[in-house]
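First the structure, in the form of structure tokens, and then the observations on it.
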Amino acid sequence: MFDAKRFRGVFVIVPTPFQDDLSLDIEGLRDTVRFCIACGAQGVVSPAVASEQPYLSDAERRSVLKTVIAEARGKAVVVAGVTASSRVVAAGLARFAAAEGADMAMAMPPNMQRASDAEIRDYYGAIDAAGLPVVVQNWIGPGGTPMPARLVGELLRDLKNVRFVKEETEFAGPMMTAIVAAAGPALEGVMGGKAGRHLMEEFRRGACGTMPACEVTDAHVALWSALQAGDHARAREIYRLLLPLLMFETGYGTAVYKEVLRAAA
């Protein structure tokens, strides 16, 4: 049984590096995971939106996930991104992740078209059946299907392994509070996303961590550590220095993550 206490801290999204011919750069991926762990990340997540997951073939998704699991095993919690266009594909990815040794699975609702409540329930039910603890990703970005707190709460209460949430819709802080109220004790942990831009507020609302991209993992870890220690003055100063980059990242996306990592290499 996965201990919910492990779902706490900074869980970073690992981008997918490519060679000049657009084939996977596996050694670069390993280096990136090592960087995340060396910076103190408690968890790594891949492949997700910041991993350019929609551009990966099924074989590439499996190769990326297998590499991340092998590199992070025993050093950080590994969350497998299994978002897909249908419950059949998502369930297959979840079973693969479980077989390879991932600790958790995370998924947005089906990402090709807006699904109905019933379709979303069936989709998460299929992922749930793979046996991994499941993180429901509630995202408002392109391809996302923002879910109301009522539906997220129902998924958490009704499905055995659906126990966690990554909340990143338009007003993430109030939505977090609404999900906590809707789910009750079925919710074992909720994290924010959106590059960690709202972490100061989310922490006050009971967030157990954050899931940003990984280019400044060390800064996110320092911010989380200050919040955990009750050093709010230090937390505010780190946040002040970090926010311009996070806002720039919001506009330019993956290019920013990769350029910062390249410059630091």
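Picking from residues in segment 199-215 that are among the hydrophobic types (A, V, I, L, M, F, W, C) and surrounded by fewer than 24 Cβ atoms within 10 Å (Cβ to Cβ), the one that is nearest to residue 68 (Cα to Cα) is 208.
Scanning segment 33-53 for residues that are closer than 18 Å to residue 108 by Cα and either exposed (fewer than 15 other Cβ atoms within 10 Å of the Cβ) or among the hydrophobic types (A, V, I, L, M, F, W, C) (or both) turns up 44, 45, 48, 49, 50. Residues in segment 23-63 that are among the aliphatic types (A, V, I, L, M) and within 15 Å of the chain's Cα centre (by Cα): 33, 41, 44, 45, 48, 49, 50. In segment 215-226, the residues that are within 19 Å of residue 34 (Cβ to Cβ) reach residues that are among the aromatic types (Phe, Trp, Tyr) and assigned to a helix (DSSP H, G or I) with C-beta atoms within less than 8 angstrom, at least six apart or across chains, in these pairs: 215/257; 217/35. Annotation: of all residues in segment 216-251 being of a type outside the set (A, V, I, L, M, F, W, C) and under 18 Å from residue 262 (Cα atoms), the one that is nearest to the chain's Cα centre (by Cα) is 217.
Against the criterion of being surrounded by fewer than 17 Cβ atoms within 10 Å (Cβ to Cβ) and either closer than 25 Å to residue 256 by Cβ or among the β-branched types (Val, Ile, Thr) (or both), residue 88 qualifies.
Taking the criterion of being within 24 Å of residue 59 (Cβ to Cβ) and surrounded by 14 or more Cβ atoms within 10 Å (Cβ to Cβ), the residues of segment 110-122 that qualify are 110, 111. Just one of the listed residues (95, 30, 8) is over 24 Å from residue 165 (Cβ atoms), modelled with pLDDT of 95 or more and surrounded by fewer than 24 Cβ atoms within 10 Å (Cβ to Cβ), and it is 30. Taking the criterion of being within 18 Å of residue 86 (Cβ to Cβ) and either touching a helix residue (DSSP H, G or I) at 6+ places or on another chain (Cβ under 6 Å) or touching a residue at least 12 places away in the same chain (Cβ under 8 Å) (or both), the residues of segment 99-118 that qualify are 105, 106, 107, 108, 109, 110, 111, 112, 114, 115, 117.
Collect the residues in segment 37-56 that are part of a helix (DSSP H, G or I) and not β-branched (Val, Ile, Thr), keeping them in residue-number order. Of everything in segment 37-56, those that are part of a helix (DSSP H, G or I) and not β-branched (Val, Ile, Thr) turn out to be 38, 50, 51, 53, 54, 55. Has segment 163-173 got at least one residue that is more than 16 Å from the chain's Cα centre (by Cα), surrounded by fewer than 24 Cβ atoms within 10 Å (Cβ to Cβ) and over 12 Å from residue 194 (Cβ atoms)? No, every residue in segment 163-173 fails to be more than 16 Å from the chain's Cα centre (by Cα), surrounded by fewer than 24 Cβ atoms within 10 Å (Cβ to Cβ) and over 12 Å from residue 194 (Cβ atoms). Taking the criterion of being part of a helix (DSSP H, G or I), out of contact with any Ser or Thr (no Cβ under 6 Å at 6 or more places or on another chain), farther than 10 Å from residue 261 by Cα and not aliphatic (A, V, I, L, M), the residues of segment 22-36 that qualify are 27, 28, 30, 31, 34.
Just one residue in the set 83, 67 is within 18 Å of the chain's Cα centre (by Cα), β-branched (Val, Ile, Thr) and surrounded by fewer than 24 Cβ atoms within 10 Å (Cβ to Cβ); that residue is 67.
Rundown of residues vs (1) crowded, with 20+ Cβ neighbours inside 10 Å; (2) among the basic types (Lys, Arg); (3) in contact with a helix residue (DSSP H, G or I) (Cβ under 7 Å, 6 or more places away or on another chain); (4) at pLDDT 95 or above, yes/no style:
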| residue | (1), (2), (3), (4) |
| --- | --- |
| 139 | yes, no, no, no |
| 142 | no, no, no, no |
| 153 | yes, no, yes, yes |
| 158 | no, no, no, yes |
| 185 | no, no, no, yes |
| 188 | no, no, yes, yes |
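Tell me yes or no: at least one residue of segment 199-212 is more than 18 Å from the chain's Cα centre (by Cα), on the phi > 0 side of the Ramachandran plot and modelled with pLDDT of 95 or more. Within segment 199-212 (the criterion being more than 18 Å from the chain's Cα centre (by Cα), on the phi > 0 side of the Ramachandran plot and modelled with pLDDT of 95 or more), the answer is no, since none of the residues qualifies. Every test in (1) among the hydroxyl-bearing types (Ser, Thr, Tyr); (2) modelled with pLDDT of 95 or more; (3) surrounded by fewer than 18 Cβ atoms within 10 Å (Cβ to Cβ) is passed by residue 250 save one, and that test is (2).
The values are calculated or read from the model by the stated rules, or taken from the named source; none is laboratory data. Only a predicted model underlies this, so the values are computations on that prediction, with no experimental measurement involved. Note: ideal-geometry Cβ built from the backbone for every residue, glycine included; neighbour counts use all protein chains shown.
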